[in-house]
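To start, the structure itself, in C-alpha cells.
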Amino acid sequence: MDEGWFVGRGGELGVLRAAVDGVARGAGGVVLVTGEQGVGKSALLAEGLAAAAGAGCRVAWGTAEELDEQFPLWLMARCLGAEGRAAVAGGPVSDGGGLVAGGNPVLAGVERVLGLLDYWCAVAPVVLVAEDLQWADAASLLVWER
C-alpha cells in the first residue's frame, strides 16, 4: 500500500515500524490499536508491519469472531496456523501430545501453545497479531497476556 493513503497516520505507522525494528533486534513489546469499526485498523497494521518478514520476523496473524468466545484457544489456533492447531489439539499421541490425564485440558493447551511460541521465539523474532480481541475466548486471552 502507498503511505499516502494513510493521510495523517504517519505517527501510527512510525510506532508500528519502530516496534518491528525493536522485535527484530530482540526487544519485545506490545502495541494496542483501537478505533471504531471500519476506520482502517487492519490496513494500518498491514502497512506498518509489512517489513516484519523481511526483517527476519515470523508473523502470526489471526482475527477473533463473535462466536469464538465459546471455543477455547480458537483465536490462537487461527493466529498460529497448522502448528498452532496441532498444539491446541495436543498433537499426535506418539509425540507425547493427545490426552491429558488428571488435569485441565484447556490449561494444558495453553501451555502447549506457549511452548510453541517459546520455540518460535528461540528460532526467530515473532510478531503476533490478534485482531478483534473483544471476541476472543478466555484461554486465548490468557496466552495473549502471558
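The values are calculated or read from the model by the stated rules, or taken from the named source; none is laboratory data. On a predicted model such as this, the values are computed, not experimentally measured, just so you know. Every residue, glycine as well, gets a Cβ built from its backbone with ideal geometry; the counts of neighbours run over all protein chains shown. The area values use the complete protein model at the heavy-atom level, side chains included, leaving out ligands, DNA and RNA. Shrake-Rupley method; radii C 1.70, N 1.55, O 1.52, S 1.80 Å.
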* If Gly90 passes every condition in (1) at pLDDT 95 or above; (2) surrounded by 17 or more Cβ atoms within 10 Å (Cβ to Cβ) but one, which one does it miss? -> (1)
* Are any residues in segment 122-141 within 12 Å of the chain's Cα centre (by Cα) and farther than 26 Å from Gly54 by Cα, and if so, which ones? -> Leu133, Ala136, Ser140, Leu141
* To do: Kindly indicate which of Ala24, Ala53 is closer than 21 Å to Leu116 by Cβ, open to solvent by 60 Å² or more (accessible area, probe 1.4 Å) and not β-branched (Val, Ile, Thr).
  => Ala53
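So that you can scan it fast, the table gives a plain yes or no per residue for (1) among the small types (Gly, Ala, Ser); (2) within 26 Å of Arg25 (Cβ to Cβ); (3) at pLDDT 95 or above; (4) in a helix (DSSP H, G or I):
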| site | (1), (2), (3), (4) |
| --- | --- |
| Leu67 | no, no, no, yes |
| Arg85 | no, no, no, yes |
| Leu99 | no, no, no, no |
| Gly102 | yes, no, no, no |
| Gly109 | yes, no, no, yes |
| Gln134 | no, no, no, yes |
| Ala139 | yes, no, yes, yes |
* Asked: Which ones in segment 66-87 are loosely packed, with under 14 Cβ neighbours inside 10 Å and either under 24 Å from Leu16 (Cα atoms) or acidic (Asp, Glu) (or both)?
  -> Glu66, Gly81
* What number of residues within segment 117-142 are closer than 23 Å to Asp21 by Cα and crowded, with 16+ Cβ neighbours inside 10 Å? -> 9
